[in-house]
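Structure first, then comments.
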Amino acid sequence: MKNSELVSIKEAFIHKMKGKISLETTDKLSVEEPLEIRVIYGKPNDIIEKNISVTMRTPGEDHYLAIGFLFTEGVISSYLDIKDVRKVENSCNRQSQNIVVVELHESVVPNLSQSDRNFYTTSSCGVCGKASIESIKTVNSYCKNENPVKNISLEVLYSLPDKLKSFQNSFSQTGGIHATGLFSANGDLLLVHEDVGRHNALDKLIGNALKDDLLPLNQHILLLSGRASFELIQKAAMAGVSIVASIGAPSSLAVELAKEFNIVLIGFLNENRCNIYNGIEYIVSPALQNI
């Protein structure tokens with residue numbers, strides 16, 4: 001599915017103030033539009049179409065976003081569940097580019113127990129309302145994280161933010177978009193996705209990784225451009241991620257979830273410092289030899 005026709009950046013006329021001086025100019029803005037995700041499933045004589053979610057996102061890579069969202073929410077368990085992913089075929093509907101349909105194979109019964117509460121996701125809040133950490137454990141086997149990557153160099157971690165920033169094309173133009181990057185244990189950037197919503201950026205990345213058969217991501221490093229919330233650690237756990245680093249701060253529940261699922265969690269990461277909230281035993285540095 002091609003998204004080349006979608007616009008992710010728009011220009012706006014502004015008055016730029018500097019002290020008492022006003023300058024008329026233009027500014028580039030990250031586009032934010034709703035995306036409706038629908039699922040089609042069932043036997044040929046009993047086809048069911050269900051609206052699963054409406055999320056505010058940056059247009060582009062919508063197929064990855066839909067796939068990643070359905071996986072991290074436990075609606076599907078594998079990319080093999082999917083028969084087709086497409087935009088709504090309705091030339092009369094001006095919003096057709098904002099509707100993605102995921103068709104499942106007829107033998108697949110999606111887990112829609114969570115969708116009954118009618119998902120509505122803003123770009124800022126993520127998917128809220130999880131009853132408890134325990135509920136996550138029952139959804140996906142990747143959460144076990146039995147063979148996490150070990151012996152990660154602190155110097156490698158310090159190098160990641162600059163690497164991610166160099167590939168944040170939309171951020172460099174607008175300054176108003178989040179990014180998620182997937183790195184090898186040696187610090188090689190493998191995947192990067194941007195979106196006005198940090199949860200959407202991660203869903204796009206996980207959807208990409210799921211389609212490319214990279215899961216579980218227990219030998220990789222996940223870098224978040226903002227803060228690490230509970231919902232983001234939940235999605236990382238669903239994909240089997242063993243190391244999550246964020247440029248911002250984690251929440252208390254994010255730290256609790258990371259400890260529950262044996263995820264190394266690092267916050268406030270930049271080129272020469274970070275806070276290690278969980279998993280210090282997996283980090284290698286001369287400064288840690290006596291700990």
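Tally Lys/Arg at +1 and Asp/Glu at -1 over every other residue whose Cβ is under 14 Å from the Cβ of V156; what's the total? Charge balance in the 14 Å sphere: -2.
For segment 48-54, putting each phi into the Karplus relation 6.51 cos²θ - 1.76 cosθ + 1.60 with θ = phi - 60° gives couplings of 10, 10, 10, 6, 9, 7, 10 Hz, in residue order, rounded to whole numbers and with x for Gly and Pro. With each label modelled as a point 7 angstrom along the Cα→C-beta vector, the I47-D188 pair spans 4.3 nm. Computed about its Cα centre, the charge dipole of segment 212-291 is approximately 220 debye, with only Lys, Arg, Asp and Glu carrying charge at their Cβ.
Computed from backbone phi with θ = phi - 60° and the Karplus coefficients 6.51, -1.76 and 1.60, the 3J(HN,Hα) list for segment 191-208 is 9, 9, 9, 10, 6, 5, x, 5, 5, 5, 4, 6, 4, 4, 5, 5, x, 4 Hz; x is used for glycine and proline.
Only Cα pairs under 8 Å and 6+ residues apart enter the sum, and on that basis the relative contact order of segment 152-284 stands at 23 percent.
The magnitude of the dipole of segment 152-284, with charges of +1 and -1 set on the Cβ of Lys/Arg and Asp/Glu and taken from the Cα centre, is near 200 debye. In terms of the Cα gyration tensor, with a ≥ b ≥ c the square roots of its eigenvalues, is segment 152-284 rounded because a/c is under 1.5, prolate because a/b exceeds b/c, or oblate? It comes out rounded by the Cα gyration axes. Applying a threshold of 31 Å to the alpha-carbon distances of K87/K150; K10/K163; K18/K235; K50/K150; K50/K204; K10/K150 flags K87/K150; K18/K235; K50/K150; K10/K150 as lying beyond it.
Under 5 Å between amide hydrogens, built in the peptide plane, is the criterion, and for I99 it picks out E36, V88 among residues at least 5 positions away or on other chains. Can you work out the FRET efficiency for the pair E33 and F167, with r the C-beta to C-beta distance and R0 = 30 Å, to the nearest 0.05? In this case the efficiency is close to 0.80. On the basis of the beta-carbon distance and an R0 of 35 Å, R86 and K16 show a calculated FRET efficiency of 0.25. Rolled with a 1.4 Å probe across the full set of protein chains, the surface gives I283 an accessible area near 10 Å². Extension gain, L154-N270: 0.36 nm per intervening residue step, less the Cα-Cα distance, totals 40.7 nm. A straight chain from E256 to I40 at 0.36 nm per residue would run longer than the Cα-Cα distance by 74.2 nm.
The values are calculated or read from the model by the stated rules, or taken from the named source; none is laboratory data. Being a predicted model, the structure only gives us computed values, none of them experimental. We place every Cβ from the backbone using ideal geometry, glycine too, and count neighbours over all the protein chains shown. Just the protein is used for accessible areas: all its heavy atoms, side chains included, with ligands, DNA and RNA removed. Shrake-Rupley method; radii C 1.70, N 1.55, O 1.52, S 1.80 Å.
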